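> Input: one structure, supplied below.
Computed from the coordinates by the stated procedures, all read-outs in this text should not be read as laboratory data. None of the values given here were measured: they were computed from a predicted structure. Cβ coordinates were reconstructed from backbone atoms using ideal geometry, including for glycine residues, and neighbour counts include every protein chain displayed.
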Amino acid sequence: MEQAVKERIEKFASALIDQNSAQPIIEPNSNSKGFWYGGGNIIFHNAKYYLCGRYRDDGDSRTGIGAGERGLELAIFSSDYVDGPWEKIKSFSKLDLTHGNENVISIEGSSLLVTDSEIDLFISTEKDRPYPDEVIDFQKKGTGIWDIDLISASSVEELEVDNIRGALRTEELGSLHIKDPFAFNLNDNFEGVGLFFCSHPFTWASSNTGLAIKSAGEKEFTIKSFSAFGRGSSWDVACARVTDRLEIPKVGIMEDLPTTLLYFYDGAECLRSLDESPAAAKRPRGYSCEEIGGIGIGYEEEFPLIKRFSEDFPQFISPYGTGCSRYVSTHITNEGIIATWQQSQNDMSQPLVSNFLPIERICQIFSS
């Protein structure tokens with residue numbers, strides 16, 4: 001890819017995920033440290049916009065569920081307009097999402113998907129099941145194992161827990177915890193569904209982005225890779241979680257190029273807070289539950305190949321609070337592109353924020 005094209009793409013991404021222009025659209029339960037709403041995506045269906053996410057209250061997963069409520073509610077909002085206002089129409093508690101013989105003890109990332117016949121809602125939850133015997137000593141009291149469930153219906157309003165079922169789990173020790181799904185149609189003809197997910201080993205020392213595929217006509221997902229997009233080498237050496245893929249509009253210098261996809265992902269240099277030397281360069285490192293943002297690029301014809309764009313430094317850092325900026329989701333409209341993400345504030349809370357980039361501005365950025 002030519003350097004001039006890369007520079008336009010970087011400018012486009014920065015204009016879309018504009019940290020200073022973003023406005024909060026869904027507030028957390030409290031404007032204080034450890035409280036946030038986000039971790040989902042935005043879709044359009046039946047002439048309405050919908051977004052999903054989870055309310056998280058203060059707590060520390062490293063010390064067990066007893067340290068706080070943590071992920072306590074999955075909520076879906078709707079709006080007649082891309083810029084709101086947003087109304088909560090669905091709410092699922094940990095008890096609501098419990099099924100089988102495993103209690104849900106925390107909720108994290110979710111993803112809505114419009115297919116040719118229904119709406120799918122993917123949900124990641126921590127269930128109170130034990131670690132495999134050979135690593136049982138690594139399991140902290142009050143914690144479980146993360147996996148992904150699925151609810152399907154003909155509309156968002158009809159999504160109910162009555163038909164919840166398991167979608168993805170594994171016993172692989174290096175990827176024992178599977179969470180934070182991002183679902184997408186493999187192409188415009190609905191010939192299958194792709195599912196990116198974040199996985200952690202039983203030690204919680206790092207994470208990668210895995211990929212599962214459900215081809216047309218199949219009922220179950222097959223894990224193709226636990227490292228479809230792996231950890232980087234510097235600012236994202238500890239984790240890399242893809243949360244969105246956006247087809248760059250074919251305008252200006254992009255018009256004659258193959259269909260180009262922009263992948264938004266969350267990364268961190270470490271999963272624990274580190275003490276910095278007073279003489280060292282100051283920068284947000286990201287840590288457990290406080291990731292910062294990057295981008296990757298791929299051609300649709302080469303899927304699932306993703307080339308890392310944010311090699312040495314992150315692309316997106318909140319100018320407020322901890323610098324956390326993560327869980328980007330985008331949606332293309334006739335008028336432009338809306339982006340939502342979870343962004344740290346000065347009060348240390350993390351609301352869901354949004355920014356809209358008009359098509360006129362997009363054309364200007366890519367003008368030849």
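> Kindly flag which residue pairs out of 94/219; 90/179; 140/307; 127/224; 94/140 have an alpha-carbon separation exceeding 30 Å in this structure. Walk me through the intermediate numbers first.
Numbers: 94/219 26 Å; 90/179 21 Å; 140/307 36 Å; 127/224 24 Å; 94/140 20 Å.
Among 94/219; 90/179; 140/307; 127/224; 94/140, the Cα-Cα distance tops 30 Å for 140/307.
> For the chain, with only Lys/Arg (+1) and Asp/Glu (-1) charged at the beta-carbon, what is the dipole magnitude about the Cα centre, in debye rounded to 20?
On the way: 34 positive and 56 negative charges, 164 e Å.
With Lys and Arg at +1 and Asp and Glu at -1, about 780 debye.
> Stick to Cα atoms and the Kirkwood definition of Rh, then tell me Rg/Rh for segment 138-237.
Values: Rg = 15.2 Å, Rh = 15.0 Å.
Dividing the radius of gyration by the Kirkwood radius yields 1.02.
> For all pairs of alpha-carbon atoms in the chain, what percent lies in each bin of width 20 Å, listed from the first bin to the last filled one?
30, 62, 8, 0
> Right, here's the next one. Per residue and in cubic angstrom, what volume does the convex hull of the Cα atoms of segment 92-155 have? Could the numbers behind the result be given before it?
Details: hull volume 6.5 nm³, N = 64.
About 101 Å³ per residue, rounded to a whole number.
> Using the basic label-point model (7 angstrom from Cα toward the beta carbon), what is the residue 158 to residue 118 distance in nanometres?
1.0
> Could I ask something else about it? List residues of segment 335-368, by number, whose backbone nitrogen lies under 19 Å from a label position 7 Å along Cα→C-beta of residue 88.
Those under the cut-off are 341-343, 349-354.
> Which whole-number percentage describes the relative contact order of segment 3-365, with Cα contacts under 8 Å and a sequence gap of 6 or more?
Details: 947 pairs, mean separation 55.2, N = 363.
Answer for segment 3-365 is 15 percent.
> Sticking with this structure for a sec: How much length, in nm to one decimal, is gained on full extension between residue 30 and residue 129, taken as 0.36 nm per residue of separation minus their Cα-Cα distance?
Details: separation 99, 0.36 × 99 = 35.64 nm, distance 3.03 nm.
Value of the extension gain: 32.6 nm.
> Please state, as a whole number in µm²/s, the translational diffusion coefficient that the Stokes-Einstein equation yields for segment 206-282 at 37 °C and 0.692 mPa s, with Rh defined as the Kirkwood radius across alpha carbon pairs. Each step should come with its number before you reach the end.
Working: Rh = 15.5 Å.
Once the numbers are plugged in, D ends up at 211 µm²/s.
> Using a simple charge model, +1 on the beta-carbon of Lys and Arg, -1 on the beta-carbon of Asp and Glu, nothing else, what dipole does segment 188-290 show about its Cα centre, in debye to the nearest 20? Present the calculation step by step, with values, prior to reporting the outcome.
Details: 11 positive and 14 negative charges, 69 e Å.
So the dipole magnitude of segment 188-290 works out to roughly 340 debye.
> Okay, next question. Going by average Cβ density within 10 Å per residue, which order do the peptides 212-221, 98-107 take, highest to lowest? Let's see the in-between values first.
Working: 212-221: 13.5, 98-107: 17.5.
By packing density, highest mean first, the sequence is 98-107, 212-221.
> Taking 0.36 nm per residue of sequence separation and subtracting the Cα-Cα distance, how much length would be gained by fully extending the chain between residue 364 and residue 281, in nm to one decimal? The partial results should precede the final answer.
Details: separation 83, 0.36 × 83 = 29.88 nm, distance 3.56 nm.
Gain in length upon complete extension: 26.3 nm.
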